[in-house]
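J.: Here it is, the structure in full.
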Amino acid sequence: MKTSLIGYPRVGSLRELKFASEKYFKNEITIDELHRTGAELRASHWKSQQEHGIDFIPSNDFSFYDNLLDTASLFNIIPERYRALGLPPLETYFAMARGYQGAQGDVKALAMKKWFNTNYHYMVPEIDDSTAIRAAGTKLFDEFLEAKQHQITTKPVLIGAFTLLKLAKYNGGKQAGDFVQETAAAYADVLSRLNELGAEWIQLDEPQLVADLSKEDLLLFTKLYSRILSGKASVKVLLQTYFGDVRDCYRELQALPFDGIGIDFIEGKQSLELVRQLGFAEDKILFAGVVNGKNIWRNNYKNTLALVQELTGHAKQLVLSTSCSLLHVPYSLQRETALSDEKKRYFAFAEEKLREFAELKAILGQADPYSSALYIQNEKLFGDTRFEGNVTVQARTASLTDADFKRLPVFAEREAIQKAKFKLPPLPTTTIGSFPQTADVRANRFSFRKGDISEEQYKQFNFDKIAECIALQEEIGLDVLVHGEYERNDMVEYFGESLDGFIFTKNAWVQSYGTRCVKPPIVWGDISRSKPMTAEYSVYAKSLTGKPVKGMLTGPVTILNWSFPREDISLKDSALQIALAIRDEVLDLEANQIEIIQIDEAALREKLPLRQSDWQSEYLSWAIPAFRLVHSGVKADTQIHTHMCYSQFSDIIRDIDAMDADVITFEASRSDLAIIDAINACGFQTEVGPGVYDIHSPRIPSVEELKQGLRRMLDKINTTKLWVNPDCGLKTRGVSETWESLRHLVQAAKEVRETL
Ligand code: GLN
Ligand code: ZN
């Protein structure tokens, strides 16, 4: 049985590419040095795949920034404003990725979006009416030849024509359909060139195929590929899908003359059923995604063997593959020196997944796979009790009833009670929680972690910061204050570290975009709150002022979405455990007289399933109740806020209202206020604070423009429902711009209030 990898991580096990790129951006190293780092990383990735006997080793999965941007560059999809800079190719590429400000001009970067259901972000290609799509770049070919010099014939990969045209943004009157001919010709050209260079296989990634496909989409897809494949030379084409199943185009895939089809059997819920019912074409190889490319747990060989056995009954030829690129998992457990071997044996990062392929190959090569030592070892691993379960937590989730998910009294009653209690002016002003994390704030945390200062010193610094922050908020006249979140490195890590059941790694970095990497915590066991997490700072802040101070928490869905989840229980069950832990904290804050509590769900929208038909059944049906469980136990006069980072939730607006918070704040300043129309149209009950200015830019909004923004909101939103706030936390902003912007915000609210 042969094995194939869809892609490998590229930042380097010590994030070498990140650091080299950042140095290059600061002119600290030359372009040649940057290229050398790239070449070294590629060589080491190819070598380790070769050592583990991987048969289909990818090339061009490496990227200096993003693979979709690489594909756009390959096909000459470079908007005029970047071309006009007259820079060399890699510089033009970085200008699109990061923007450019210098002697040649001043242009912003391309837009960035989330890559399907991952935390990776891609650059959105822009196609002008005048764009001439043709194979113009050389990276794809160069890297194939480079691997050849290492005696490795790779399988070059690039993003397929359909996904490219679907994800691109069209600047003129032309649409995807208008580019079919030239795009197909350009891909066909690439195939024949790779054929000439000696490539045996080429992989075209089409993750867009796992989303909902309309009739037009299917037509676009078949048009593209019947042209790309017509007259194809001997190079074989693997059409690779991932992140779900291909239920909308399974028949089309079978009918087109692909040599291999890559199907995800991990995330693809209906993949197996499709193969069972519709069979698999005899002339094609099934590249079966059986090793999870997105999570960090060991593969369960028993399940994999059963799956492989069933698939061999349907497909004549089978190749074992990852479910998606390993880009989404960290490099190697070898770097995790602080993790015990006892724990490590349950994990497989990218390198360990290579070993799993080698093992699976060996096991499947045996006459009786089930008697092989490697198989027995793996079976035993899954048979062992991995951790001692928390019976209290399990009993708590098991005994939940409908009443636990319902806050009483109902919203309208609470709203009246809270208005009478807090006596806030109309259009109350507040912020989202964090204040600038200046160098001294980070240095304090760093010194404490290193052990250079005592816990007392560490805390005292934070207390002083809080006092300063409260005094300033009072001075400028905000209505609902916050403590500033100086103690938090990150909105998930901070809570993960204080909860039982999470594991933290030292070097398990995963690329989020460009040079940015994140280190998600791992949900290891049952989650519970072992100690109070936030009350001390909130209580201190409150002691300094007569105004209400919001307590600040991160919600269960966001904590789970930004972690590596367990695979032995459902996401729903993990979410409920986390919800109960955060609920304990909510009740603790309430008991400490914190009367307003904000529970952030920044990432709630992020993990919506790719197909709309799965939204309710697979996600919202537990995510929204998990949030309600967190706050259903508070008194009527405790006000619950939530915050979300996205303005695009018109399509789930009823679900957002069903979270049953008292107030929700969200990003809106960059979105033409479309969300306000949705709110207006659906009779949204929750009070709303659509962000009145964009905190992602250092720009200070004028009082006049803030007033205009508020007036426009008031056209659609009842005065009694509207809050005034920035659109997200202020931690990434500078100090002076923050306070000046907030002064303007308070002033604008005051002036508009007077006209009511
Ligand atoms: N309370 C958090 C903050 O202000 C919210 C962050 C976020 O929405 N990403 O930083
Ligand atoms: Zn936010």
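One line per residue, one yes/no per condition, for (1) outside any loop (DSSP other than H, G, I, E, B); (2) in contact with a strand residue (DSSP E or B) (Cβ under 7 Å, 6 or more places away or on another chain); (3) free of Cβ contacts under 8 Å to residues at least 60 places away in the same chain:
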residue: N76; (1), (2), (3): no, no, no
residue: Y82; (1), (2), (3): yes, yes, yes
residue: Y93; (1), (2), (3): yes, no, yes
residue: Q101; (1), (2), (3): yes, no, yes
residue: K113; (1), (2), (3): yes, yes, yes
residue: N117; (1), (2), (3): no, no, no
residue: D129; (1), (2), (3): no, no, yes
residue: I133; (1), (2), (3): no, no, yes
residue: A136; (1), (2), (3): no, no, no
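J.: Related question: In region 260-291, what residues are surrounded by 17 or more Cβ atoms within 10 Å (Cβ to Cβ), more than 31 Å from the chain's Cα centre (by Cα) and in a loop (DSSP other than H, G, I, E, B)?
T.: F280, A281, K284
J.: Under the condition of being in contact with a Ser or Thr (Cβ under 7 Å, 6 or more places away or on another chain) and outside any strand (DSSP E or B), which residue from region 597-613 is nearest to Q270 (Cα to Cα)? Even if it seems obvious, please write down each step before you answer.
T.: Initially, region 597-613 is screened for residues in contact with a Ser or Thr (Cβ under 7 Å, 6 or more places away or on another chain), giving 597-604.
Subsequent filtering for residues that are outside any strand (DSSP E or B) retains 601-604.
On the way: E601: 30, A602: 30, A603: 26, L604: 25 Å.
Residue satisfying both the conditions and the ranking: L604.
J.: Kindly indicate whether V634 is away from ligand 2 (no atom under 16 Å from the Cβ) and in contact with a Gly (Cβ under 7 Å, 6 or more places away or on another chain). Step through it out loud before you land on a result.
T.: Values: away from ligand 2 (no atom under 16 Å from the Cβ): yes; in contact with a Gly (Cβ under 7 Å, 6 or more places away or on another chain): no.
So V634 fails the test.
J.: Ok, one more. Identify all residues within region 138-174 that are surrounded by fewer than 20 Cβ atoms within 10 Å (Cβ to Cβ) and assigned to a strand (DSSP E or B); write none if there are none.
T.: K169, Y170
J.: Could I ask something else about it? Does L722 count as touching a residue at least 12 places away in the same chain (Cβ under 8 Å), within 16 Å of ligand 1 (Cβ to nearest atom) and in contact with a helix residue (DSSP H, G or I) (Cβ under 7 Å, 6 or more places away or on another chain)? Steps first, please.
T.: Values: touching a residue at least 12 places away in the same chain (Cβ under 8 Å): yes; within 16 Å of ligand 1 (Cβ to nearest atom): no; in contact with a helix residue (DSSP H, G or I) (Cβ under 7 Å, 6 or more places away or on another chain): yes.
Against the criterion (touching a residue at least 12 places away in the same chain (Cβ under 8 Å), within 16 Å of ligand 1 (Cβ to nearest atom) and in contact with a helix residue (DSSP H, G or I) (Cβ under 7 Å, 6 or more places away or on another chain)), L722 does not qualify.
J.: Right, something else. Would you confirm whether or not region 549-561 contains a residue that is touching a Pro at 6+ places or on another chain (Cβ under 8 Å) and at pLDDT 95 or above? Spell out how you get there, then give the answer.
T.: The initial filter retains those residues of region 549-561 that are touching a Pro at 6+ places or on another chain (Cβ under 8 Å), namely none.
Within region 549-561, not a single residue is touching a Pro at 6+ places or on another chain (Cβ under 8 Å) and at pLDDT 95 or above.
J.: Across region 1-50, what is the total count of residues that are free of Cβ contacts under 8 Å to residues at least 12 places away in the same chain and of a type in the set (G, A, S)?
T.: Summing the residues that are free of Cβ contacts under 8 Å to residues at least 12 places away in the same chain and of a type in the set (G, A, S) in region 1-50 gives 1.
Residues are listed down the side, and each one gets a yes or a no for (1) among the hydrophobic types (A, V, I, L, M, F, W, C); (2) within 16 Å of ligand 1 (Cβ to nearest atom); (3) touching a residue at least 40 places away in the same chain (Cβ under 8 Å):
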position: V688; (1), (2), (3): yes, yes, no
position: P698; (1), (2), (3): no, no, no
position: S702; (1), (2), (3): no, no, yes
position: Q708; (1), (2), (3): no, no, no
position: L714; (1), (2), (3): yes, no, no
position: L730; (1), (2), (3): yes, yes, yes
position: H744; (1), (2), (3): no, no, yes
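J.: Being aliphatic (A, V, I, L, M), within 16 Å of ligand 2 (Cβ to nearest atom) and in a helix (DSSP H, G or I) is true for just one of I578, I559, I582. Which residue is that? Spell out the reasoning first.
T.: Details: I578 fails: within 16 Å of ligand 2 (Cβ to nearest atom); I582 fails: within 16 Å of ligand 2 (Cβ to nearest atom).
Unique residue meeting the criteria: I559.
J.: Taking the conditions exactly as written (at pLDDT 95 or above, of a type in the set (K, R), surrounded by fewer than 10 Cβ atoms within 10 Å (Cβ to Cβ) and out of contact with any His (no Cβ under 6 Å at 6 or more places or on another chain)), does K380 satisfy them or not? Break it down stepwise before answering.
T.: Working: at pLDDT 95 or above: yes; of a type in the set (K, R): yes; surrounded by fewer than 10 Cβ atoms within 10 Å (Cβ to Cβ): yes; out of contact with any His (no Cβ under 6 Å at 6 or more places or on another chain): yes.
Taking the combined requirement at face value, the residue satisfies it.
J.: How do the helices (runs of 4 or more DSSP H) wholly within region 301-379 filter down when requiring 1 or more residues that are more than 21 Å from Q49 (Cβ to Cβ) and in contact (Cβ under 8 Å) with a residue 24 or more places away in the chain: which remain? If you could, list the steps in order and put the result at the bottom.
T.: Details: elements: 301-312, 341-344, 350-364.
Output list reads 301-312, 341-344.
J.: Here's a check for you: in region 725-737, which residue that is under 21 Å from A471 (Cβ atoms) and buried (at least 21 other Cβ atoms within 10 Å of the Cβ) is farthest from ligand 2 (Cβ to nearest atom)? Before the answer, list the steps.
T.: Going residue by residue through region 725-737, those that are under 21 Å from A471 (Cβ atoms) are 725-726, 729-731, 733-737.
Still in the running and buried (at least 21 other Cβ atoms within 10 Å of the Cβ): 725-726, 729-731, 733.
On the way: N725: 11, P726: 9, G729: 6, L730: 10, K731: 10, R733: 13 Å.
Here the answer is R733.
J.: For region 640-654, name all the residues that are closer than 27 Å to K419 by Cβ and within 16 Å of ligand 1 (Cβ to nearest atom). Break it down stepwise before answering.
T.: Taking region 640-654 as the starting set, the residues that turn out to be closer than 27 Å to K419 by Cβ are 640-644, 647, 649, 653-654.
The answer is I640, H641, T642, H643, M644, S647, F649.
J.: Look through S697, S702 and report the one residue that is surrounded by fewer than 21 Cβ atoms within 10 Å (Cβ to Cβ) and within 16 Å of ligand 2 (Cβ to nearest atom).
T.: Values: S702 fails: within 16 Å of ligand 2 (Cβ to nearest atom).
One residue alone meets the criteria, S697.
J.: OK, next. Out of (1) within 16 Å of ligand 2 (Cβ to nearest atom); (2) assigned to a helix (DSSP H, G or I); (3) touching a helix residue (DSSP H, G or I) at 6+ places or on another chain (Cβ under 6 Å), what's the single condition that is false for F627?
T.: Here F627 meets the rest and fails (3).
J.: I've got another one for you. Output the residues belonging to region 504-530 that are in a strand (DSSP E or B), surrounded by 19 or more Cβ atoms within 10 Å (Cβ to Cβ) and among the aliphatic types (A, V, I, L, M).
T.: Across region 504-530, the qualifying residues are V510, I522, V523, I527.
The values are calculated or read from the model by the stated rules, or taken from the named source; none is laboratory data. Since the structure is predicted, the reported quantities are computational estimates derived from the model, not experimental observations. Backbone-built Cβ (ideal geometry, glycine too); neighbour counts: all protein chains shown.
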